[in-house]
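The values are calculated or read from the model by the stated rules, or taken from the named source; none is laboratory data. Predicted model only: the values in this text are computed from it and were never measured. Note that we place each Cβ from the backbone using ideal geometry, even for glycine, and neighbour counts take in every protein chain shown. Areas reflect the complete protein model, heavy atoms only, side chains present, ligands, DNA and RNA absent. Shrake-Rupley method; radii C 1.70, N 1.55, O 1.52, S 1.80 Å.
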Amino acid sequence: MKSDSIKTYSYRVSQASKSDLIVILYDIAMESVQDAQAYREKNDDEYHASLKRAKRVVDELESSLDMQYDISKELFKIYVSMMRFLVKADAGHDVTVLDTVLSMLSKLRKSFY
């Protein structure tokens, strides 16, 4: 993630409502997965660092769920699936699962936006 992106996200966070923060987390996760795709064959260290960042964001989304609501239980299942895909991509450089994760994140982002 570039310093310009970090500055932009920092500004957005300072101005965000609770639901905006979730959208920002989805944006960060999506950018991290896209970075991993870009670094897949160019830079192994950056590839793994990008996936690690994406996994941390998904973990944050998962841990912030309020499990007293049914929707949270469904989101939890989705986040667990995403995490499995990210671990699989980290272990084997499997780009197809990264496309799946991006699709999932994009759809969830739209629903929160």
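The table that follows gives values for the structure above.
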| quantity | calculated |
| --- | --- |
| Probe 1.4 Å, protein heavy atoms only - accessible area per residue of the chain in square angstrom | 61 Å² |
| Relative contact order for the chain, counting Cα pairs under 8 Å that sit 6 or more residues apart, in percent | 30 percent |
| Helical mean residue ellipticity (222 nm; -39500 (n - 2.57) per DSSP H run of 4+; nearest 500) of the chain | -28500 deg cm²/dmol |
| Fluctuation leader among Lys73, Lys42, Lys18 - the chain, Gaussian network, Cα springs under 10 angstrom | Lys18 |
| Exposure of Val95 as accessible area (Å², to 10), given a probe of 1.4 Å and all protein chains | 40 Å² |
| Computed E for Asp94/Met67 - FRET, C-beta separation, R0 35 angstrom, nearest 0.05 | 0.70 |
| Lys/Arg +1, Asp/Glu -1 at C-beta; region 1-103 dipole; positive extreme among Ala91, Asn43, Ser14 | Ser14 |
| P(r) of the chain over all Cα-Cα pairs, binned every 5 Å from zero, in whole percent | 2, 12, 23, 25, 19, 13, 6, 1, 0 |
| Accessible carbon and sulfur surface of the chain relative to its total accessible area, %, 1.4 Å | 52 percent |
| Chymotrypsin sites (Phe, Trp or Tyr not before Pro) within region 1-106: DSSP coil, no more than 11 neighbouring Cβ in 10 Å | Tyr69 |
